[in-house]
Each structure stands twice: as C-alpha cells, then as structure tokens.
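Peer 1: First the structure, which I've put down as structure tokens, then a few questions once you've had a look.
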Amino acid sequence: MNNSLFNRMELLLGAEAMVRIRSKRVIIFGVGGVGSWCAECLVREGIMRLTLVDSDVVCVTNCNRQLMATTKTIGEPKVEALKTRLLEINPEADILALQKNYSEETADDFEIETYDYVIDAIDSLKDKISLIIKAASPIPSKGGVNCRDKAPSPLERAGERLPVLFSSMGAALRIDPTKIRVSEFWKIKGDPLAAAMRSAMRRNKTFPARKFLCVHSEEQPLPNLGTALQDGSQTFRKVQTNGSLAHITAIFGMTLAGLVIQDICNKT
C-alpha cells in the first residue's frame, strides 16, 4: 500500500488505528446525495473494503448533489460511476459495485452479517425499515444462540458477527447546515421520516432489536417551490420527489463516515 496516501490520517490517529481501519468491511445501501459522499470520505480515510449498493443510474438532476454525477456520467450506473472515482483515489481499494435494490426479497443476497459496518442511505420507506430491522437484529451464532441476550448501546458490538448500523434520516428540503445532528433513532425529534418509520414499526409490531445512531436535521422541512422533472431514471417509484442541496446531503454523508471512523478508533 502507498502509505503516503494516508500520512495525514496516521499523524492524527496513529499507526495502530490505521491498521484497524484498513481491516474493516463496510457496505453502503444507497449511493445518492448522502451515500456517495459517505463512500468517498471512507475511502479517503483508509477503508479498503467497501460495497456499494444502488440500482439507479445517473441522471441530470443528480448533478447538483451526488458526488459521482457529472455531465460525463449521465446514464451510467451510479455504483459503477462512483467505483471509478473511488479507485482513482485509492487504486488498491477493494470496491464491490452492486447495481441492485435492497428489499425484503433480496435481503439475504447481501450477507450483511459478514460486514463490520452497515450504512443505510436508502430513500424507500419500506426498504429502509426492512434494512434496519435486518441489520439491527442479533445474528445467531453457529450453535443457534443469539450473540447477545440484551441490546447493546449504539457503539457496542458483540464480536465480529454483529455489524454496527448507522442510518440517514431525511436530508431533503433543508438548507441550514447548523441544524444537523446525530441521535439514537428513538430519540429523534422533528424529523418526518423518522416519525413515519416509528409509526410503521409500531403498526406492524416489528422493531429493531438494537439501538442505532442516525444523522438527522432539526430543521423543519421547507416546502417545494417548483415542479420536479420526471427524467425516468429511478428504478423504484418515489412517493414524492423533493428538492435537496449538496451542502446538506454531503454533511449527512460525511457525518455517517465520521461515525464509522470514530467507532473504529474508539475500539481497542
């Protein structure tokens, strides 16, 4: 490995922390306005094994906020365009690009239990809830016994078979970067997406088995003032297309990456 690439990180964190960072596997579900920035930050900070999951292709309306979206990448699968950029940063990184959706039907295809960190940056409410339930559930050991009888705190793990989950709440319709926060899912206030997810979980009597941290904004969503273009690129139908800005989605994504790096450094 080209050690000079991470010299500034090693100066701050030390050699042992860099070894731990390089050893972790991370999977990001959704590489749009939030997930793409999270991915780049992780690769720039030493993550060597990263899986990108997104079924969509780059369209012109992505160019205002998604890292890999430019006039040259329109029409390309988002995961492939992002992979190309990440390998330009660190050619030695192991980047797996999966152009597919996460859903209840495809959940087992991703082998979530093999990852150290799971990043949820999914837009679809149903799929988002499904991923959180899956990723936050205790994973049975070989003997069929759960890794842990009680839920750990957000930054705890029980061995290598219990991934740490970090999730993004709603980043659209916000403009104030000073209102972005990190909170445990059940303690988030004022975020309509988190409220809708909690209501759906209560209605279905299906809850995540562990606590997990989320990036969210305390700013109340602003109204859309224009009409959304229907460019046909979405591989799933959104309930509503909302306006969003790069400086907000990027902070969400980089904060998620920061939670991963901080969690790794806090573990000895």
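The values are calculated or read from the model by the stated rules, or taken from the named source; none is laboratory data. In this text the structure is predicted, and so the values were computed from the model without any measurement. Quick reminder, even Gly has a Cβ in these numbers, built from the backbone with ideal geometry, and neighbours come from all protein chains shown.
Peer 1: Residues in the range 78-89 that are out of contact with any Ser or Thr (no Cβ under 8 Å at 6 or more places or on another chain) and buried (at least 19 other Cβ atoms within 10 Å of the Cβ): how many?
Peer 2: Let us first name the residues in the range 78-89 that are out of contact with any Ser or Thr (no Cβ under 8 Å at 6 or more places or on another chain), namely 79-80, 83-89.
Add one more test, that the residue is buried (at least 19 other Cβ atoms within 10 Å of the Cβ), and what stays is 79, 83, 86.
Selection size over the range 78-89: 3.
Peer 1: Of all residues in the range 92-109, count the ones that are more than 19 Å from Ser36 (Cα to Cα) and either part of a helix (DSSP H, G or I) or not charged (D, E, K, R) (or both).
Peer 2: 5
Peer 1: Identify, by number, the condition in (1) touching a strand residue (DSSP E or B) at 6+ places or on another chain (Cβ under 9 Å); (2) crowded, with 16+ Cβ neighbours inside 10 Å that Asp109 doesn't meet.
Peer 2: Failing condition for Asp109: (2).
Peer 1: Checking Asp94 against (1) at pLDDT 95 or above; (2) in contact with a helix residue (DSSP H, G or I) (Cβ under 9 Å, 6 or more places away or on another chain), only one condition comes out false. Which one?
Peer 2: (2)
Peer 1: All but one of (1) under 22 Å from Leu245 (Cβ atoms); (2) at pLDDT below 95; (3) polar (S, T, N, Q) hold for Thr71; which doesn't?
Peer 2: (2)
Peer 1: Can you confirm whether Thr61 is of a type outside the set (Phe, Trp, Tyr), within 27 Å of Ala15 (Cβ to Cβ) and touching a residue at least 24 places away in the same chain (Cβ under 8 Å)?
Peer 2: Against the criterion (of a type outside the set (Phe, Trp, Tyr), within 27 Å of Ala15 (Cβ to Cβ) and touching a residue at least 24 places away in the same chain (Cβ under 8 Å)), Thr61 does not qualify.
Peer 1: Filter the range 112-127 down to residues that are of a type in the set (D, E, K, R), modelled with pLDDT of 95 or more and in a loop (DSSP other than H, G, I, E, B), then give me how many there are. Please lay out each step first, then the result.
Peer 2: Taking the range 112-127 first, the residues of a type in the set (D, E, K, R) are 113, 116, 120, 123, 126-127.
Now drop any that are not modelled with pLDDT of 95 or more, which leaves 116, 120, 126-127.
Restricting the remaining residues to those that are in a loop (DSSP other than H, G, I, E, B) gives 116.
Residues in the range 112-127 being of a type in the set (D, E, K, R), modelled with pLDDT of 95 or more and in a loop (DSSP other than H, G, I, E, B): 1 in total.
Peer 1: Just wondering, is there one or more residues in the range 32-55 that are surrounded by fewer than 19 Cβ atoms within 10 Å (Cβ to Cβ), under 14 Å from the mean Cα position of the chain (by Cα) and not in a helix (DSSP H, G or I)?
Peer 2: No: zero hits.
Peer 1: Within the range 90-105, can you find the residues that are surrounded by 18 or more Cβ atoms within 10 Å (Cβ to Cβ) and either of a type in the set (A, V, I, L, M, F, W, C) or in contact with a strand residue (DSSP E or B) (Cβ under 9 Å, 6 or more places away or on another chain) (or both)?
Peer 2: First, pick out the residues of the range 90-105 that are surrounded by 18 or more Cβ atoms within 10 Å (Cβ to Cβ): 90, 93, 95, 97-98, 101-102.
Of everything in the range 90-105, those that are surrounded by 18 or more Cβ atoms within 10 Å (Cβ to Cβ) and either of a type in the set (A, V, I, L, M, F, W, C) or in contact with a strand residue (DSSP E or B) (Cβ under 9 Å, 6 or more places away or on another chain) (or both) turn out to be Ala93, Ile95, Ala97, Leu98, Asn101, Tyr102.
Peer 1: While we're here: Being outside any loop (DSSP other than H, G, I, E, B), surrounded by 16 or more Cβ atoms within 10 Å (Cβ to Cβ) and among the hydrophobic types (A, V, I, L, M, F, W, C): is that true of Leu173 here?
Peer 2: Working: outside any loop (DSSP other than H, G, I, E, B): no; surrounded by 16 or more Cβ atoms within 10 Å (Cβ to Cβ): yes; among the hydrophobic types (A, V, I, L, M, F, W, C): yes.
Here the answer is no, as Leu173 does not meet what is asked.
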